[in-house]
1. Only Cα pairs under 8 Å and at least 6 apart count here; give the relative contact order of chain B as a rounded whole percent.
2. Quick one: pull the percentage of alpha-carbon pairs in chain A with a separation above 23 Å.
3. Sort A:Lys29, B:Lys23 from largest to smallest accessible area, using a 1.4 Å probe on the heavy atoms of the protein chains.
4. At 4 °C and 1.567 mPa s, what whole-number value in µm²/s does Stokes-Einstein give for the translational diffusion of chain B, with Rh from the Kirkwood sum over Cα pairs?
5. Let me know the number of lysine pairs in the protein assembly as shown closer than 28 Å at the Cα, not counting same-chain pairs under 8 apart.
6. Mind putting a number on the dipole of the protein assembly as shown about its Cα centre? Charges go on the C-beta only, +1 for Lys and Arg and -1 for Asp and Glu, and I need it in Debye to the nearest 20.
7. From the helices alone, meaning DSSP H stretches of at least four residues, give me the mean residue ellipticity at 222 nm for the protein assembly as shown, per-run term -39500 (n - 2.57), in deg cm²/dmol to the nearest 500.
8. Determine by what factor the alpha-carbon radius of gyration of the protein assembly as shown differs from 2.2 N^0.38 Å, reporting the quotient.
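The values are calculated or read from the model by the stated rules, or taken from the named source; none is laboratory data. Remember, predicted model here, so these are calculated numbers, not experimental data. Please note: Cβ atoms are built from the backbone with ideal geometry, for glycine as well, and neighbour counts cover all protein chains shown. These accessible areas exclude ligands, DNA and RNA; they are computed on the full protein's heavy atoms, side chains included. Shrake-Rupley method; radii C 1.70, N 1.55, O 1.52, S 1.80 Å.
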Amino acid sequence: MATVTRQIGGDGDPARGYVFWEIDFDDAKLLLTAVRCRNESSEATYGSVTQISNGRTYGMRFPPNSTTNIAIPTGQAQKIDISIMPSGKLDGVHYSFVWPYP
Amino acid sequence: MAIAYRAGATGGGGSASSVTITKPTGAVDGDILIVVLYMESTTATWNTLTGWTDIVANQQDEIPNFRLTTRWHRCSSDGADYTFNVSAGTPWITAAMGCYSGCIGSGGAIDVSAGNACSGGGAGHTPVAASITTTAANDMLVAGIANINGSAITVGTSGMTRGAQLGGVEVWYVAQAASGSSGTKTFGSLADYDHWAVNHQALFEPAVAALNVNIAFDNSTYQAAGIRVI
């Protein structure tokens, strides 16, 4: 088992700075374990993840100039399962990111 | 007022029949939204959505693996989000949206557009936005880019600025002061399995209003100075 980190997205502009979103997943259990935001901008941002099959969602606001994790529960009742497509992409989850955010 | 990137939003990144994107923060009526819609299918399409107009529809990469569509919308008492539905099945879908302020306030918002894709081999895997020829000054060039592997795209020599991006589906933009050819916009090279497509479009800024000047002459003043007003 290994925890794999993958950068999946971002936003920003030169004047306000940039934000980067990453995910951590367990490549053996195929569980999403964290969504991490490196917000290097002067604006807050919002990110959420939703398991497509059941609508289970975790999301939060990320303050400006901060690095924050959304720790995803991995217990049976609240876990978010993923699968890996032949292309190597992770499936089973939808993301929603907004920048800036009030 | 020059066109400016106000905010972005992204959604998707999995297999589904629809994708919902939150309205970008701070979007006000009159702002123009451009959404980049990515779908790993060569048969399905995106259903029409009231208020949204296709700019480049179903641009395929070379294999083809996927379809890339860009659409625009002028904000007008919009709700909190936008949902784009797939015509059939549950393909892998992702969307990235940019919100632009300072655009033309009525009529069509798009000056010109073009779609293109990789053609295979070597340099074919360097994403390039095709040259478009704008017809007005101060357009905002917007490139919607996607690649099959979901890799982050780098700026290369494009001179463009990256906005919202999710899973290799990205919005890039740059203002162009003078009308005319944009030239090709070349981004950084991808790995050789990263097939790509780019939809390139230009947003109009508001037309400059005609300047009417009314000058009132005081004849008596001019006549006193020996000037005859005719």
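1. The value is 24 percent.
2. Working: 1363 of 5151 pairs.
Above the 23 Å cut-off, chain A has 26 percent of its Cα pairs.
3. On the way: A:Lys29 140, B:Lys23 55 Å².
Result, largest first: A:Lys29, B:Lys23.
4. Reported coefficient: 69 µm²/s.
5. Details: A:Lys29/A:Lys79; A:Lys29/A:Lys89; A:Lys79/A:Lys89; A:Lys89/B:Lys23; A:Lys89/B:Lys185.
Counting lysine pairs in the protein assembly as shown gives 5.
6. Working: 17 positive and 25 negative charges, 65 e Å.
Here the size comes out at about 320 debye.
7. Working: 1 runs with 6 residues, N = 332.
Taken over the protein assembly as shown, the calculation gives -500 deg cm²/dmol.
8. Details: Rg = 23.0 Å, N = 332, 2.2 N^0.38 = 20.0 Å.
Against the empirical 2.2 N^0.38 Å value, I get 1.15 for the protein assembly as shown.
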